[in-house]
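Here is the structure we will look at, set down as structure tokens.
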Amino acid sequence: MFRRLTASDHDRVVAYLSKRPALHTFLTGDIERYGYDAPFQEVYGYLSDGRVTAVLLRFYGSYIFSTEGPEGVEDVVRMLQSNTAWSMVQGDSVSLSLLQDVGGFQPRQVREFAFAERPPHAPRPFVDTAGVYQATVDHVGQLWQLRKSIAEFANSNTTELSLRQSFESGDTLCFYVPGERGEMAASASAVAENTWTAMVVGVCTRPLYRGLGYATRCVAKLCDVFDERGKTLCLYYDNPNAGGIYRRLGFAVTSGWTQFFR
């Protein structure tokens with residue numbers, strides 16, 4: 001049975017999410033932080049014999065989907081087709097492929113990524129993080145201008161307002177390196193921190209400052225923080241050069257990540 005989930009289902013939801021904590025970072029982080037009744041978030045699931053076997057979460061105008069099998073996939077596709085107020089659905093590549101292969105969903109655009117994980121204290125070379133600073137809500141304008149200068153962020157569904165709200169809610173931990181004129185030269189953020197994991201996002205460098213290792217230093221600072229917290233860092237990427245940086249910092253590809261755009 002596919003239905004909306006409530007707080008009374010939470011133990012069953014956690015039992016499902018804990019099977020693949022890294023791939024479920026966004027789902028777990030959003031549910032732990034915002035619960036089941038926030039006006040901008042809805043959580044749906046497929047239940048079989050009392051177990052949750054699939055989760056679909058709406059967060060503002062995007063969805064995150066995960067399933068362990070084909071059950072409930074057609075219900076999810078019907079929901080996506082009937083609701084036009086969304087721009088993207090994302091999740092692990094196996095789950096997203098079922099939306100096409102089983103549900104017959106036809107996205108307008110598809111993006112494929114490598115999904116990588118870094119357990120706490122994974123071996124990595126020393127990286128000097130002197131000159132790396134933590135951003136606050138007062139830096140949102142600068143961070144937004146930095147991201148706008150990066151072509152790879154053109155398809156992002158993040159807005160300056162949602163970025164500000166993420167800082168204000170405590171969902172974003174961001175480190176940056178300043179440029180010569182006081183602007184942000186590079187930054188990296190962690191979001192959706194939860195009991196087990198956090199997701200690295202927004203790794204970027206202004207073209208003028210590329211090749212200087214600034215983004216590496218920002219990600220290394222995140223590694224330091226989450227090593228101390230004993231949590232796994234996750235990320236997804238489609239840039240081979242970025243992949244080389246992440247591997248040196250102890251990330252290993254474990255799966256695929258897919259985004260569908262309507």
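The values are calculated or read from the model by the stated rules, or taken from the named source; none is laboratory data. These figures come from a predicted structure and were not determined experimentally. Note: ideal-geometry Cβ built from the backbone for every residue, glycine included; neighbour counts use all protein chains shown.
What are the residues in the range 10-46 that are over 27 Å from Thr172 (Cβ atoms) and surrounded by fewer than 18 Cβ atoms within 10 Å (Cβ to Cβ), if any?
Matches in the range 10-46: Asp11, Arg12, Ala15.
Among the residues of the range 74-85, is any touching a residue at least 40 places away in the same chain (Cβ under 8 Å), closer than 24 Å to Gly256 by Cβ and surrounded by fewer than 16 Cβ atoms within 10 Å (Cβ to Cβ)?
No, the conditions are met nowhere in the range 74-85.
What's the number of the condition Trp257 fails, among (1) surrounded by fewer than 20 Cβ atoms within 10 Å (Cβ to Cβ); (2) over 19 Å from Ala122 (Cα atoms)?
Only one criterion is unmet by Trp257, namely (1).
Which ranges mark the strands (runs of 3 or more DSSP E) fully within the range 31-70 that have 2 or more residues being in contact with a Gly (Cβ under 6 Å, 6 or more places away or on another chain) and either of a type in the set (Lys, Arg) or in the same structural domain as Pro21 (by TED's automatic domain parsing) (or both)?
Here the list reads 51-59, 62-67.
Yes/no per residue for (1) of a type in the set (Gly, Ala, Ser); (2) more than 26 Å from Leu235 (Cβ to Cβ):
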position: Leu23; (1), (2): no, no
position: Val73; (1), (2): no, yes
position: Ser93; (1), (2): yes, no
position: Arg108; (1), (2): no, no
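Quick one: in the range 210-234, of everything that is touching a helix residue (DSSP H, G or I) at 6+ places or on another chain (Cβ under 6 Å) and under 25 Å from Leu27 (Cα atoms), which residue is surrounded by the most Cβ atoms within 10 Å (Cβ to Cβ)?
By that ranking, first place goes to Leu233.
What are the residue pairs meeting all of these: first residue in the range 206-235, first residue assigned to a helix (DSSP H, G or I) and at pLDDT below 95, second residue hydroxyl-bearing (Ser, Thr, Tyr) and surrounded by fewer than 21 Cβ atoms within 10 Å (Cβ to Cβ), Cβ atoms under 9 Å, and 6 or more apart or on different chains?
From residues that are assigned to a helix (DSSP H, G or I) and at pLDDT below 95, the pairs are Pro207/Ser149.
Look through Gly91, Gly103, Gly131, Gly141 and report the one residue that is surrounded by fewer than 14 Cβ atoms within 10 Å (Cβ to Cβ), outside any helix (DSSP H, G or I) and either in contact (Cβ under 8 Å) with a residue 12 or more places away in the chain or out of contact with any helix residue (DSSP H, G or I) (no Cβ under 9 Å at 6 or more places or on another chain) (or both).
On the way: Gly91 fails: surrounded by fewer than 14 Cβ atoms within 10 Å (Cβ to Cβ); Gly103 fails: surrounded by fewer than 14 Cβ atoms within 10 Å (Cβ to Cβ); Gly141 fails: outside any helix (DSSP H, G or I).
Just one listed residue meets the conditions, Gly131.
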